[in-house]
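The values are calculated or read from the model by the stated rules, or taken from the named source; none is laboratory data. What you are looking at is a predicted structure, and each value in this text was computed from that prediction instead of being measured. We place every Cβ from the backbone using ideal geometry, glycine too, and count neighbours over all the protein chains shown. Ligands, DNA and RNA are excluded from the accessible area calculation, which covers all protein heavy atoms including side chains. Shrake-Rupley method; radii C 1.70, N 1.55, O 1.52, S 1.80 Å.
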Amino acid sequence: MPDTIYGFAPVPFELLLGYFGRDEVARYVLHKVFSHFLIWNACLSEIRANPGSVKASGANLGGMAHLGWAGVLVTNEIDPAAAPWVPSEGASASLQLLASGAISVVTTTMPDARPMVDAGEVKPLIVAANERVAAAPDVPTAEEALGNKRAAYAWRGIAAPKGLPEDVKARLSEAMAKVVESQEFKDFMAQRNFGIDYRDAAGFEAFLKDADESIGSALQAVGLAK
């Protein structure tokens with residue numbers, strides 16, 4: 001595990017268990033159904049041609065929705081300042097802004113957007129995931145749409161204070177694995193449009209190392225870190 005988070009803050013814990021809830025809580029980029037952005041490349045073309053004309057939201061400044069959006073732009077060699085981020089009080093407020101025409105796109109998860117997607121009010125352009133997800137199988141991944149990979153997930157994990165005895169870590173890890181593998185947990189997650197991608201401590205560490213690099217670069221791109 002790295003000694004700092006995103007290269008800036010000390011890590012006061014050690015990873016204990018894998019994370020879960022990944023697939024269907026990948027970040028989607030959504031637009032209003034009657035928008036002229038029928039495909040993702042049209043959105044990027046507008047941002048490049050008319051900086052400032054496309055405004056985005058999804059949550060607060062510096063949150064995962066914001067950094068996921070900035071990461072997609074940076075990956076495609078676009079300064080995030082060319083598509084201003086409008087801070088909001090979460091996905092619901094952002095989707096209301098989108099419906100009203102105040103902004104052009106929203107980055108959020110499918111569980112948050114599902115009611116408006118099902119109502120035909122908004123449409124996903126891409127999903128920032130490594131592969132298409134069951135919640136919206138017709139939505140292309142960032143790699144399919146753009147030719148480069150970009151994944152931004154909402155995830156959950158378990159950690160513990162550094163120095164936890166190995167036997168305690170082992171017992172907790174085994175207990176968590178049993179929970180994730182139980183039918184009750186699978187049903188609970190499926191009912192809420194959440195997928196499951198369990199990782200043990202080593203797999204979780206590998207995931208966080210990748211996230212440390214990508215999120216750190218996004219923080220720098222939007223001017224929240226040096």
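The listed residues are A177, A206, A190, and the only one of them that is among the small types (G, A, S), farther than 20 Å from E131 by Cβ and part of a helix (DSSP H, G or I) turns out to be A177.
Of all residues in region 85-103, those satisfying the criterion of being open to solvent by 40 Å² or more (accessible area, probe 1.4 Å) and either among the basic types (K, R) or part of a loop (DSSP other than H, G, I, E, B) (or both) are V86, P87, E89, G101, A102. If you go through region 183-212 and keep only what is among the aliphatic types (A, V, I, L, M) and loosely packed, with under 14 Cβ neighbours inside 10 Å, you end up with A190, A202, A206. Listed conditions (1) open to solvent by 20 Å² or more (accessible area, probe 1.4 Å); (2) in contact (Cβ under 8 Å) with a residue 40 or more places away in the chain; (3) outside any strand (DSSP E or B) are all met by E131, apart from (2).
Please work out if T109 is surrounded by 22 or more Cβ atoms within 10 Å (Cβ to Cβ) and under 14 Å from the mean Cα position of the chain (by Cα). Yes; evaluated as a whole, the condition is true for this residue.
Within region 73-99, the set of residues being among the small types (G, A, S) and farther than 27 Å from R114 by Cβ comprises A81, A82. Considering every residue within region 116-130, establish whether at least one is in contact with a Cys (Cβ under 7 Å, 6 or more places away or on another chain) and within 29 Å of A99 (Cβ to Cβ). Yes, the conditions are met somewhere in region 116-130. In the condition set (1) under 15 Å from the mean Cα position of the chain (by Cα); (2) within 19 Å of L73 (Cα to Cα); (3) crowded, with 19+ Cβ neighbours inside 10 Å, G216 is compliant with all but (3). For region 113-125, taking the residues that are more than 13 Å from V29 (Cβ to Cβ) and in contact with a helix residue (DSSP H, G or I) (Cβ under 9 Å, 6 or more places away or on another chain), the one that is surrounded by the fewest Cβ atoms within 10 Å (Cβ to Cβ) is identified as P115.
Before we move on, is A151 open to solvent by less than 70 Å² (accessible area, probe 1.4 Å), within 20 Å of A211 (Cα to Cα), modelled with pLDDT under 80 and not in a loop (DSSP other than H, G, I, E, B)? Criteria not met by A151.
Listed by first and then second residue, the pairs with beta-carbon distance under 8 Å, at least 6 apart or on different chains, first residue in region 104-125 and assigned to a helix (DSSP H, G or I), second of a type in the set (D, E, K, R), are M110/E24; P111/E24; P111/R192; V117/K123.
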